[in-house]
Amino acid sequence: MVSPHELVDVPLADPSAHELESIMIHGMDNRSVHEASIPFVQNSAAPKPLRVEPQRSLARTLMSQPKKIKELRRFSPRAPVREAVRHPFGRRMRRTQSNAELGLKSLRFLDKTTGGKEDGWKVVEKRFDQFAVNGRLPKENFGRCIGMADSKEFAGELFAALARRRNLEPENGITQDELKEFWEEMTDQNFDSRLGIFFDMCDKNGDGKLTEDEVKEVIILSASANKLAKLKGHAATYAALIMEELDPDQLGYIEIWQLETLLRGMVSSQGNEKIDKRSHTLARTMIPTQYRNPINRSVRKTADFIHENWKRIWVLSLWLTLNIVLFIWKFYQYRRRSAYEVMGYCVCVAKGAAETLKLNMALILLPVCRNTLTRLRSTALSRVVPFDDNINFHKTIALAITIGALAHTTAHVACDFPRLIKCPKPKFMSLLGRNFNYQQPTYLTLLSSAPGVTGVLIVIIMAFSFTLATHSFRRNVVKLPSPLHHLAGFNAFWYAHHLLVLAYVLLVVHSYFIYLTREWYKKTTWMYLSIPVLFYACERLIRKFREKNYRVSIVKAAIYPGNVLSIHMKKPPGFRYKSGMYLFVKCPDVSPFEWHPFSITSAPGEDYLSVHIRTLGDWTTALRNLFGKVCESQVLSKKANLVRLETTVVADAQIEETRFPKLLIDGPYGAPAQNYKKYDILLLIGLGIGATPFISILKDLLNNLKSNEEVQNIDMADVPNTKGNGPGRAYFYWVTREQGSFEWFKGVMNDVAESDHNNVIEMHNYLTSVYEEGDARSALIAMVQSLQHAKNGVDIVSGSRIRTHFARPNWRKVFSDLANAHKSSRIGVFYCGSPTLTKQLRDLSQEFSHTTTTRFHFHKENF
């Protein structure tokens with residue numbers, strides 16, 4: 001029988017199965033002992049919601065009873081216990097490491113890519129030769145030498161702490177042997193060593209006690225290393241919070257064992273990492289039978305690919321077939337004509353390519369007929385046609401036009417023209433004289449003719465427009481010198497694309513004056529283009545008509561940190577939309593012609609429209625500046641900088657003398673996320689401003705939850721289950737690199753935390769500027785975050801009730817947890833953000849759809 005005043009030993013045959021630490025405190029009754037047991041087993045079956053009601057923290061519970069912590073203090077770093085004991089039944093036992101010890105083994109001073117490498121010291125040794133001065137490494141170069149160049153101040157304090165431990169003067173620098181000692185201590189897996197270094201960093205005077213001022217300095221240092229400007233301003237408050245929790249007797253200082261108590265549970269334990277790695281290894285060994293044989297694996301993957309992409313495959317196959325059939329038909333038509341006797345296969349290739357050009361110049365207009373596509377998305381046709389890929393199909397057709405134009409132009413200019421000129425005159429007159437009015441042309445007359453001039457102009461316009469439509473130019477990746485810098489950006493793309501109207505006119509003229517076809521009914525270009533051009537013209541007329549009806553009055557505008565402009569407008573009569581849709585905005589004060597697309601961030605049930613606009617280009621910058629002038633008085637009063645605001649500035653239309661710029665809207669238009677209700681579960685992933693399409697969905701889900709609760713509360717006896725046809729749960733992952741980004745949708749996050757009593761919506765915020773959990777540079781931030789959230793339920797990073805994670809999500813684990821939690825369910829994965837993550841999320845969706853009973857359907861937002 002084990003005494004209640006002793007720690008219970010656990011066999012280590014399977015350490016990962018015993019992730020429960022019990023803290024036994026003298027004088028507690030059975031209930032108190034039970035409440036002090038802290039489970040650290042993570043349930044991988046389902047992601048846990050992070051909303052936690054404010055409660056009394058463990059640290060505060062322990063510190064408020066200083067006479068009852070003798071056993072806990074006995075296991076502090078100052079008195080580590082590693083002795084072995086004998087099990088009553090004779091089995092040799094070893095005391096398990098405390099959870100704090102396991103956790104603090106992940107208290108890294110170096111990231112995994114640097115400190116985890118076996119040859120890490122060799123790299124540092126080479127850097128020493130590069131940064132050392134007269135054989136000694138100065139303090140200011142220490143960070144760059146050990147791979148901590150982006151945390152120079154933190155590296156400097158680490159250097160000073162390690163030097164103090166050896167009675168070295170930091171100003172004199174260190175030798176290579178001393179650097180190796182530093183390195184070995186930083187990479188030491190011993191619990192005592194790492195915690196001691198961390199404590200010494202905080203304890204600058206080396207007296208073994210941390211004062212409030214010392215804690216404050218380290219908080220400021222950590223906030224600076226993690227680019228948390230707002231947190232630096234509240235460092236004194238958070239330092240006082242730590243002292244309040246760990247110094248209940250108001251001694252004015254805390255010791256290392258108390259710091260261990262605070263760190264307990266703050267850092268991810270290695271035991272959990274081992275469980276994750278082991279589960280991933282097990283998953284790799286449990287490969288289904290159809291994937292084990294190489295041939296079967298190839299066949300199965302091909303079948304899976306067809307199953308995932310059958311809509312795209314049949315549309316592209318039909319399109320390719322039409323192009324090939326038209327090319328072959330025209331090729332053999334000219335193979336039997338007299339022109340072949342003069343120009344050979346060159347004229348066949350040129351005419352075959354021209355026929356595909358006519359088809360593709362007609363088809364390329366259809367994917368951008370947004371009004372039509374928006375209506376078709378809600379019909380049965382969406383089951384067989386991939387309307388979400390309209391922009392990708394538009395780009396594919398543009399590529400085919402480029403290839404066709406190059407083939408047509410090259411065949412004519414490099415082959416047909418020289419053969420026409422060099423052809424013997426009698427042969428030319430007998431075979432082609434009638435087509436050229438019995439005058440054999442020269443190279444110059446061919447180029448200066450109507451077909452020649454129009455052809456050259458079409459090629460120039462297309463080359464210019466297509467180049468500016470590439471990702472590098474449209475997204476302003478290319479940095480051109482002045483004044484050519486205006487050719488990069490969305491504005492240049494927008495105006496250049498409108499030059500293609502002229503290209504269509506020239507194409508009709510070009511085909512009318514061609515030499516080798518005289519009958520008007522055989523000049524078929526106008527036949528290809530007439531219906532699609534008329535269709536597209538009607539689309540533009542509808543937009544022009546709606547422009548007069550959809551003039552909106554602005555209710556409120558706000559400029560958030562990170563250069564994001566939020567605009568709230570009165571909803572025009574008859575403006576109906578679904579969550580996930582987008583609209584176009586035009587501001588005549590910026591440009592009388594330009595329309596720009598933005599996701600709608602308000603819910604359909606709300607009486608206003610809202611959009612959030614990130615300042616990225618010339619047009620958005622000019623728009624933000626116009627609204628900034630409206631907010632000028634508030635900006636000046638807060639002494640904020642309009643170039644890069646670090647505070648939120650709001651202008652309300654109800655305030656007198658508030659005149660907002662005039663805005664026009666057009667829409668709504670369909671997007672992949674609008675069909676979210678057909679899935680059982682939602683996984684919404686937004687990067688930065690890419691969260692905007694999903695805010696409307698979250699609001700809509702939340703409004704439905706509230707309305708269902710209100711209906712049920714009227715009369716529980718008479719009202720049946722009001723669960724709608726929408727998703728049963730929604731998981732929202734928002735990844736951003738700036739702390740100020742959380743200001744954009746803080747109201748939505750708080751509303752979800754307060755109103756979603758059944759945890760239907762689970763929100764996960766990730767801040768990538770903060771080092772991952774377990775890194776010493778973010779350890780103190782994690783401590784303060786946990787204390788503050790436990791005290792009042794507010795996250796110190798986002799300022800909302802949703803707790804923020806550090807670094808980037810482990811997407812494989814996210815998909816694995818969802819697959820385990822929602823077996824045999826259809827999960828809609830909607831992503832909006834940088835293309836860099838698209839492939840990984842699509843591959844994970846396919847992988848887990850093939851290897852589990854859960855089906856993941858991936859959708860990428862495109863404008």
Quiz prompt | For region 497-627: rounded, prolate or oblate by the Cα gyration tensor [a/c cutoff 1.5] | solution = prolate
Self-check item: Local electrostatic count, residue 535, Cβ distance below 15 Å [Lys/Arg +1, Asp/Glu -1]
Solution: +3
Quiz prompt | region 312-544, accessible surface, carbon-and-sulfur percent (1.4 angstrom probe) | solution = 71
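Strictly over 31 Å apart at the Cα level, which of 523/586; 523/860; 230/823; 301/860; 395/662 would you flag in this model?
Going by Cα-Cα distance, 523/586; 523/860; 230/823; 395/662 fall outside the 31 Å limit.
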Quiz item: Using modelled backbone amide H atoms (1.01 Å from N, in-plane), which distant-in-sequence or interchain residues come within less than 5 Å of residue 611's amide H?
Solution: 567, 601
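Step by step: find N for region 120-161, compute 2.2 N^0.38 Å, then divide the Cα radius of gyration by it. What's the final number?
Details: Rg = 9.6 Å, N = 42, 2.2 N^0.38 = 9.1 Å.
Dividing the Cα Rg of region 120-161 by 2.2 N^0.38 Å gives 1.06.
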Practice problem: Determine the shape class of region 747-786: with a ≥ b ≥ c the square roots of the Cα gyration tensor eigenvalues, call it rounded for a/c under 1.5, and otherwise prolate if a/b is greater than b/c, oblate otherwise. | Solution: prolate
Quiz item: Using θ = phi - 60° and the Karplus curve 6.51 cos²θ - 1.76 cosθ + 1.60, what whole-Hz ³J(HN,Hα) does each residue of region 252-259 get, with Gly and Pro shown as x?
Solution: x, 7, 10, 10, 5, 5, 6, 5
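Just to confirm, what accessible area per residue do you get for region 312-544 at 1.4 Å probe, in whole Å²?
Numbers: 12760 Å² over 233 residues.
I get 55 Å² per residue for this part.
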Quiz item: If one computes the Cα centroid of region 606-623 and of region 664-680, what distance in Å separates the two points?
Solution: 18
Quiz prompt | Integer Hz, Karplus 6.51/-1.76/1.60 couplings in order for region 835-843, x for Gly and Pro | solution = x, 4, 9, 4, 4, 4, 5, 5, 5
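Of 659, 165, 383, 777, which has the most accessible area with a 1.4 Å probe, and how do the rest follow in descending order? Intermediate values should be presented prior to the final figure.
Working: 659 205, 165 95, 383 175, 777 5 Å².
From most exposed to least exposed: 659, 383, 165, 777.
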Quiz item: On the accessible surface of region 162-232, probed at 1.4 Å, how many percent belong to carbon and sulfur atoms?
Solution: 43
Self-check item: Spatial extent of region 164-203: Rg and Dmax, with the Cα atoms as the point set, Å
Solution: 10.8, 30
Exercise. Take the Cβ-Cβ distance between residue 303 and residue 531 as r, set R0 to 41 Å, and report the resulting FRET efficiency rounded to the nearest 0.05.
Key: 0.60
Practice problem: Please work out the FRET efficiency for the pair residue 131 and residue 616, using the Cβ-Cβ distance as r and a Förster radius of 35 Å; give the result to the nearest 0.05. | Solution: 0.40
Quiz prompt | residue 230 accessible area, assembled protein chains, probe 1.4 Å, Å² | solution = 70
Practice problem: Please work out, to two decimal places, the log10 of the ratio I(q)/I(0) at q = 0.13, 0.23 Å⁻¹ from a Debye calculation in which every Cα of region 538-614 carries one identical scatterer. | Solution: -0.41, -1.30
Quiz item: Is region 397-514 best put as rounded, prolate or oblate by its Cα gyration tensor, with a ≥ b ≥ c the root eigenvalues, rounded for a/c under 1.5, and otherwise prolate when a/b is larger than b/c, oblate when not?
Solution: prolate
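If r is the Cβ-Cβ distance from residue 472 to residue 840 and R0 is 22 Å, what FRET efficiency results, to the nearest 0.05? Please report the intermediate quantities before stating the final value.
Values: r = 22 Å, r/R0 = 1.01.
That gives a FRET efficiency of 0.50.
Could you work out the percent of alpha carbon pairs in region 298-403 separated by over 17 Å, rounded to a whole number? Don't skip to the answer; put the middle values down first.
Working: 3516 of 5565 pairs.
When all Cα pairs of region 298-403 are counted, 63 percent exceed 17 Å.
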Practice problem: Report the convex hull volume per residue for region 312-544, counting only C-alpha atoms, in Å³. | Solution: 147
Self-check item: For region 147-227: accessible area per residue (Å², 1.4 Å)
Solution: 42
Exercise. Quick one: which residues, 5+ away or cross-chain, put their amide H under 5 Å from the amide H of residue 663? H built at 1.01 Å from N.
Key: 552
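The values are calculated or read from the model by the stated rules, or taken from the named source; none is laboratory data. All of these numbers come straight from a predicted model, not from anything done at the bench. Every residue, glycine among them, receives a Cβ derived from its backbone with ideal geometry; neighbour counts consider all protein chains shown. Heavy atoms of the whole protein, side chains included, go into the accessibility calculation; ligands, DNA and RNA do not. Shrake-Rupley method; radii C 1.70, N 1.55, O 1.52, S 1.80 Å.
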